[in-house]
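The values are calculated or read from the model by the stated rules, or taken from the named source; none is laboratory data. Everything numeric in this text was worked out from a predicted model, so none of it was measured. Ideal geometry is used to build each Cβ from the backbone, glycine not excepted, and the neighbour counts take in all protein chains shown.
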Amino acid sequence: MWLVYVNVLMFYVSLTPSLDSIVGLGNISILYQYYTCRTFGSGVVQPFSGSSFYVRSNCPFTLTRFTHNRVECDITTRRGDNGLLVRVEIIINKVRTVVQNGSILVEKKSVSLPYDHTYQHIFHYGIYTKLKSSLLPLSVTWHDVPGGIDSLRVELEQKLSTDMTGLCGKHNVPGMTVKLPELIARLYYSNSNISRNTFSSSSKYSVCNMFISNTLECLQVMAPQYSQLCQKNIYGYEMSKYIGCAFFNEVTWRRDTKCAEPSCSGDLVYVEQGAAFVPSCSNPNPGFSNQELTSSCVCPKGEHYLTS
């Protein structure tokens, strides 16, 4: 993990083999290790272990599939023509949850949040929505935008000994003559009008070059890889408000980009790092004692959210 602390805040590069979640207490940051797989933008994938790669397709993909303590987990995703995720299906212990068109269905029934079930809990988490399993050390967090989901991450609270399949899983399996990222690259170029020289020769990707130059000190030798991922991510989606920004926001603070801040309802204000659960008059200290920090919509300082 790449960490550069500036003014007691963390600048992080999330396209790394694992991701540490930051929990803040005043000026103190406590690190809890999570094993994270994420996908964002129009098809960037960072598996639990290994290098990031890019997949462009509107076909369903298995993000991860595994069995732990005899509990089966299967997470599949599908992107729409706009590049965003338009369907996420999460099956844990045969309970099927589907996220689609801004709705959440559990066993084909629409649910409202917060939703508590014997096997899982689904709730708002800052600007995100999170599903936390009661049977597995696993959570799934996603960010809704108009038209779909621009980022999704799967977090494990411990490293599992079981083998995983899917985009998040093991790709360099013994006996495989072609590794998954290489195979995806072949399919990517063979099924599109994109040549391998398209990106470096096109001036339309100056936004990626500018972004990489501004983060070069942190990225260092990984800059060429990030540049390629950035260019593949925005190709064909140059006019999208969400595809490019999803990539930039996963790599650096939103304030370091020209991307618009998420809108907040009512008088709530957006903060890059704020309480995952908004304090209210009826519950001024929500969540755990070690309050988790994330991108959030919070009350102006000194005020509490009024709940009916």
Item to complete: For residue 128, indicate whether it is within 15 Å of the chain's Cα centre (by Cα) and of a type in the set (Phe, Trp, Tyr).
Response: yes
Worksheet item: If you check every pair at least six apart or on different chains, which have Cβ atoms under 6 Å apart with a residue in the stretch 151-174 that is among the charged types (D, E, K, R) and surrounded by 18 or more Cβ atoms within 10 Å (Cβ to Cβ) first and a residue that is modelled with pLDDT of 90 or more and in a loop (DSSP other than H, G, I, E, B) second?
Response: none
Worksheet, complete the sentence: Checked against (1) modelled with pLDDT of 95 or more; (2) of a type in the set (Lys, Arg); (3) closer than 25 Å to residue 233 by Cβ, residue 132 satisfies every condition except (3)
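For the stretch 145-170, how many residues are part of a strand (DSSP E or B) and in contact with a strand residue (DSSP E or B) (Cβ under 8 Å, 6 or more places away or on another chain)? If you could, list the steps in order and put the result at the bottom.
At the first step, the residues of the stretch 145-170 found to be part of a strand (DSSP E or B) are 145, 148-156, 165.
Filter once more, so that each one left must be in contact with a strand residue (DSSP E or B) (Cβ under 8 Å, 6 or more places away or on another chain): 148-156, 165.
Qualifying residue count, the stretch 145-170: 10.
Could you check how many residues of the stretch 120-137 are closer than 24 Å to residue 251 by Cβ and of a type outside the set (Phe, Trp, Tyr)? Let's see the steps before the verdict.
Pass one, the stretch 120-137, residues closer than 24 Å to residue 251 by Cβ: 125-130.
When the remaining residues are screened for being of a type outside the set (Phe, Trp, Tyr), the result is 126-127, 129-130.
The qualifying residues number 4.
A quick yes/no check of all residues on (1) under 19 Å from residue 229 (Cα atoms); (2) out of contact with any Phe, Trp or Tyr (no Cβ under 7 Å at 6 or more places or on another chain):
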position	(1), (2)
57	yes, yes
60	no, yes
64	no, yes
68	no, yes
71	no, yes
77	no, no
87	no, yes
92	no, no
96	no, yes
Discussion item. Can you find a residue that is in contact with a strand residue (DSSP E or B) (Cβ under 8 Å, 6 or more places away or on another chain) and buried (at least 22 other Cβ atoms within 10 Å of the Cβ) anywhere in the stretch 102-112?
Written reply: no
Discussion item. What's the total number of residues in the stretch 58-75 that are touching a residue at least 40 places away in the same chain (Cβ under 8 Å) and in contact with a Gly (Cβ under 9 Å, 6 or more places away or on another chain)?
Written reply: 7
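Looking at 167, 160, 135, which is the one that is touching a Ser or Thr at 6+ places or on another chain (Cβ under 8 Å) and not small (Gly, Ala, Ser)?
On the way: 160 fails: touching a Ser or Thr at 6+ places or on another chain (Cβ under 8 Å); 135 fails: touching a Ser or Thr at 6+ places or on another chain (Cβ under 8 Å).
After ruling out the rest, the residue left standing is 167.
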Worksheet entry | Filter result for the condition that a residue is in a strand (DSSP E or B), among the aromatic types (Phe, Trp, Tyr) and over 19 Å from the mean Cα position of the chain (by Cα), over 66, 123 | 66
Worksheet entry | Residue selected from the stretch 93-120 under the condition in a loop (DSSP other than H, G, I, E, B) and of a type in the set (A, V, I, L, M), by the criterion farthest from the chain's Cα centre (by Cα) | 111
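Return yes when residue 22 is assigned to a strand (DSSP E or B), among the hydrophobic types (A, V, I, L, M, F, W, C) and modelled with pLDDT of 95 or more and no when it is not. Walk me through it before giving the result.
On the way: assigned to a strand (DSSP E or B): yes; among the hydrophobic types (A, V, I, L, M, F, W, C): yes; modelled with pLDDT of 95 or more: no.
So residue 22 does not fit the description; no.
Where in the stretch 210-265 are there helices (runs of 4 or more DSSP H), lying fully within it, with 3 or more residues that are of a type outside the set (S, T, N, Q), within 17 Å of residue 127 (Cα to Cα) and modelled with pLDDT of 85 or more?
Numbers: elements: 216-219, 223-234, 243-251.
Fully inside the stretch 210-265 and qualifying: 243-251.
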